[in-house]
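Q: Structure in structure tokens, see below.
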Amino acid sequence: MIVPVILCFTVSFICPVQLVCFNEASITEDDRYLENSLFGIIKEKVSAARECAVACYAHLGCSSFGFEPTLRTCHLHKKDSSTAPADLVTKAPWQHSDISQWPKELSGPCEDHTCLSGTRCNVHRVTKAPLCLEADVYQPDVCSDELIPKATCSSESKVAGSVRSCTCPTNYRDVPLDVVRINQTCMVNGSWTQPLINCTGPYVRLTTPSTSIYTFQLIPTSSLQTITGGTSTVVFLVKTCHDAIFVLHTYPNSYTPVIEVAIGGDNNMRSFVHGCIGCAFTEYHDESSILSCNEYRPFWLSWRDGVISVGKGLVAGGQRFLQWTPTTNIVINYVSISTYVNNPGTWLFLEQ
């Protein structure tokens, strides 16, 4: 049988000696911490929860406290478990306690004395009279609620050392990092650790595998704008070492007739377009390293009135580097992609 420990101590100031007894374990919650209402952190190290209680009573506006026994740290809070029950979370080895549960006799002569906000009540060493001194707490280095466009961020707090998680919405992603979620730590200088997540999109993500055969993958037209034989534009980003290839065709499972467009072909040295798969170049553009194995590169592809055009960037019509008019116009109803052989690729198509 475990017997609760009853703490008894003597309070002796200018008033008569009093004996205060209570069960400290019954009014503190182990492995619990109150988020989002930090009033301040006691500057000095403390050795027990009851010292936090004395400090909480001394500071106007303190409703509860958290005690971390390993670091001997005391956090004072503006709210308590009854006013902010959803903010009371599991967090070892913190101990949480509402100040309303503690006997006010702990404050001694300060029990019935109130100091202004920004100060604290203390007892004069000689006269034992209550007096108001500068508050004994400091405000921690706090990171701002720096907004990240389109991202949803959540954190246990914004004090130095706390971690927040930022997530992009569905079909959005950080293009340079190729992630949709990132954790950041609040630093003592008040900024979040880099890099910030960049939610761009929305995108349709497709991958082309590394195979020993030149194969094609049909783009799901339901995810993009309707592809027709008249005018269409595909805006996309691609990450592959070489040969980001499109074939534009009339029938879903047939590549006759067809137009083949390759970006970064010939080992990432030449881009070209022609009227059949594997034919000699009809129109080409020499530029080395136009593609990257490690980062996404933006491009656009369009066909308008029988003219095939290709350019860089996410703005269709800008930075054009290829243009070709087939001698025989074909109806383009389907678009397929490939990264040739033994070369994987990841594609992000901008929803249109």
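Q: Return the only residue of THR114, THR127 being open to solvent by 40 Å² or more (accessible area, probe 1.4 Å), among the hydroxyl-bearing types (Ser, Thr, Tyr) and either assigned to a strand (DSSP E or B) or in contact with a strand residue (DSSP E or B) (Cβ under 8 Å, 6 or more places away or on another chain) (or both).
A: On the way: THR127 fails: either assigned to a strand (DSSP E or B) or in contact with a strand residue (DSSP E or B) (Cβ under 8 Å, 6 or more places away or on another chain) (or both).
Residue meeting the stated conditions: THR114.
Q: Right, here's the next one. Output the number of the condition that ASP80 fails; it satisfies all remaining conditions of (1) among the acidic types (Asp, Glu); (2) closer than 23 Å to ARG120 by Cα; (3) open to solvent by less than 40 Å² (accessible area, probe 1.4 Å); (4) modelled with pLDDT under 95.
A: (4)
Q: Of all residues in segment 130-161, count the ones that are closer than 22 Å to THR73 by Cα, assigned to a strand (DSSP E or B) and open to solvent by 50 Å² or more (accessible area, probe 1.4 Å). I'd like the intermediate steps shown before the answer.
A: Pass one, segment 130-161, residues closer than 22 Å to THR73 by Cα: 133-143, 155-161.
Checking which are assigned to a strand (DSSP E or B) leaves us with 133-134, 137-138, 142, 155, 159.
Next, from what is left, pick out any that are open to solvent by 50 Å² or more (accessible area, probe 1.4 Å): 133-134, 138, 142.
Selection size over segment 130-161: 4.
Q: Could you give every pair whose Cβ atoms fall below 6 Å, whose first residue belongs to segment 202-225 and is within 23 Å of LYS150 (Cα to Cα) and part of a loop (DSSP other than H, G, I, E, B), and whose second residue is open to solvent by 40 Å² or more (accessible area, probe 1.4 Å) and modelled with pLDDT of 90 or more, counting only separations of at least 6 or pairs across chains?
A: Correct list of pairs: PRO202/TYR172.
Q: Any residue that is open to solvent by 20 Å² or more (accessible area, probe 1.4 Å), modelled with pLDDT of 95 or more and within 34 Å of the chain's Cα centre (by Cα) - is there at least one of those in segment 276-287?
A: The answer is no, given that none of the residues of segment 276-287 is open to solvent by 20 Å² or more (accessible area, probe 1.4 Å), modelled with pLDDT of 95 or more and within 34 Å of the chain's Cα centre (by Cα).
Q: Any residue in segment 42-55 that is free of Cβ contacts under 8 Å to residues at least 24 places away in the same chain and in a helix (DSSP H, G or I) sitting within a Cβ distance under 9 Å of a residue that is crowded, with 18+ Cβ neighbours inside 10 Å and not hydroxyl-bearing (Ser, Thr, Tyr)? List the pairs, counting only those 6 or more apart or interchain.
A: Within 9 Å, the pairs are GLU51/ILE42; GLU51/PHE67; GLU51/CYS74.
Q: Follow-up question, since we're still on this one. Determine if segment 25-39 includes at least one residue that is at pLDDT below 90 and in contact with a Phe, Trp or Tyr (Cβ under 8 Å, 6 or more places away or on another chain). Break it down into steps so the answer makes sense when it comes.
A: Residues of segment 25-39 at pLDDT below 90: 25-26, 35-39.
Pick out the ones that are also in contact with a Phe, Trp or Tyr (Cβ under 8 Å, 6 or more places away or on another chain) and you get none.
Scanning segment 25-39, I find no residue that is at pLDDT below 90 and in contact with a Phe, Trp or Tyr (Cβ under 8 Å, 6 or more places away or on another chain), so the answer is no.
Q: Which of (1) in contact with a strand residue (DSSP E or B) (Cβ under 9 Å, 6 or more places away or on another chain); (2) modelled with pLDDT of 90 or more does PRO85 not meet, given it meets every other one?
A: Every listed condition holds for PRO85 apart from (1).
Q: I'm told ASN329 meets every condition in (1) open to solvent by 10 Å² or more (accessible area, probe 1.4 Å); (2) modelled with pLDDT of 95 or more except one. Can you identify the failing condition by its number?
A: (2)
Q: Being more than 30 Å from ARG205 (Cβ to Cβ), in a strand (DSSP E or B) and of a type outside the set (Gly, Ala, Ser), is that true of even one residue in segment 162-178?
A: Looking through segment 162-178, none of the residues is more than 30 Å from ARG205 (Cβ to Cβ), in a strand (DSSP E or B) and of a type outside the set (Gly, Ala, Ser).
Q: Kindly indicate the residue of segment 316-326 that is over 28 Å from PRO209 (Cβ atoms) and not in a loop (DSSP other than H, G, I, E, B) and also most open to solvent (accessible area, probe 1.4 Å) among those meeting that condition.
A: ARG320
Q: I'd like to know if segment 216-228 contains one or more residues that are under 25 Å from SER289 (Cβ atoms) and modelled with pLDDT of 90 or more. Write out each step before concluding.
A: Going through segment 216-228, the residues under 25 Å from SER289 (Cβ atoms) turn out to be 216-217.
Checking the rest, the ones that are also modelled with pLDDT of 90 or more come to 216-217.
Within segment 216-228, one or more residues are under 25 Å from SER289 (Cβ atoms) and modelled with pLDDT of 90 or more.
Q: Tell me which residues, restricted to segment 242-259, are touching a Phe, Trp or Tyr at 6+ places or on another chain (Cβ under 8 Å) and open to solvent by 10 Å² or more (accessible area, probe 1.4 Å).
A: Result: HIS242, ASP243, THR250, TYR251, PRO252, TYR255.
Q: Run down VAL273, VAL234 and say which single residue is modelled with pLDDT of 90 or more and open to solvent by less than 10 Å² (accessible area, probe 1.4 Å). Break it down into steps so the answer makes sense when it comes.
A: Working: VAL234 fails: modelled with pLDDT of 90 or more.
None of the other options fit; the residue is VAL273.
Q: Okay, moving on. Is it true that some residue in segment 43-65 is under 18 Å from VAL159 (Cα atoms), at pLDDT below 95 and open to solvent by less than 10 Å² (accessible area, probe 1.4 Å)?
A: Within segment 43-65 (the criterion being under 18 Å from VAL159 (Cα atoms), at pLDDT below 95 and open to solvent by less than 10 Å² (accessible area, probe 1.4 Å)), the answer is no, since none of the residues qualifies.
The values are calculated or read from the model by the stated rules, or taken from the named source; none is laboratory data. Source: prediction; values computed, not measured. Positions of Cβ are backbone-derived with ideal geometry, glycine not excepted, and every protein chain shown enters the neighbour counts. Accessible surface is based on the protein model in full, side chains and every heavy atom, while ligands, DNA and RNA are left aside. Shrake-Rupley method; radii C 1.70, N 1.55, O 1.52, S 1.80 Å.
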